[in-house]
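Below is one structure, written out as structure tokens; comments come after it.
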Amino acid sequence: MAKPASPRSGQRRRMENFRKVRSEEAPVGGGAEGGGPGSSPFADLAPGAVHMRVKEGSKIRNLLAFATASMAQPATRAIVFSGCGRATTKTVTCAEILKRRLAGLHQVTRLRYRSVREVWQSLPPGPTPGQKPGEPVASLSVLKNVPSLAILLSKDALDPCQPGYQPPSSHPGPSSQPATPTSKRSLGEPAAGEGSSKRLQPEPSAAEEDQTA
């Protein structure tokens, strides 16, 4: 007896006839867990703080070039990297690289959820089954909740009691540690000429062994 098709498989078959045309952030209300697309999870930002919005297709090289040049200015005291969905990995990468380039940055991390609305249109461009000629192309609107990450890096000291705070790293970077030459003798290898002198010593002959006996 054949098993009935699950609702998920039927939904997947229906979505194969559609293509995503755009996605946009939708406001889900205020508070620490929501906020509109322009809302910031950090209430008391320094004046002139730079806000870097990281997207899935953003180039890390371009983001870091602008962020490094901005933070090099004395008037810029803080920078915020924010991204949602698949861009959260790039958000963390940008913040970690900038912390290695500029020492002494205080960090605060905030994790929220954003509501993203995806708009899909039917494929092919022609009318879908049951659609009358002259009617507009069928479209779907899907609302999804995705994780959103915001990382604040500040030159000035921040409140260490707030959630998500990380102090500046006390360990020096790998470039600041001078490379010490390693002696081959300390690794157990013989010094120059030591091994060759042992190999040049003649082995005792049989006659010499009889005399010593």
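Residue-wise, which Karplus ³J(HN,Hα) couplings in Hz belong to segment 17-22, taking 6.51 cos²θ - 1.76 cosθ + 1.60, θ = phi - 60°, and x for glycine or proline?
8, 10, 10, 7, 9, 6
With r as the distance between the Cβ atoms of residue 119 and residue 51 and R0 = 30 Å, compute the FRET efficiency 1/(1 + (r/R0)^6) and round to 0.05.
Working from the Cβ atoms, E equals 0.70.
Relative to a virtual label point 7 Å from the Cα of residue 44 in the Cα→beta-carbon direction, which members of segment 61-89 show backbone nitrogen distances below 16 Å?
Residues 78 fall inside that zone.
Any read-out appearing in this document is the output of simple, stated calculations on the displayed coordinates, not a laboratory observation. Small disclaimer: the values here were computed from a predicted structure and weren't measured. Neighbour counts run over all protein chains shown; Cβ positions are idealised from the backbone, glycine included.
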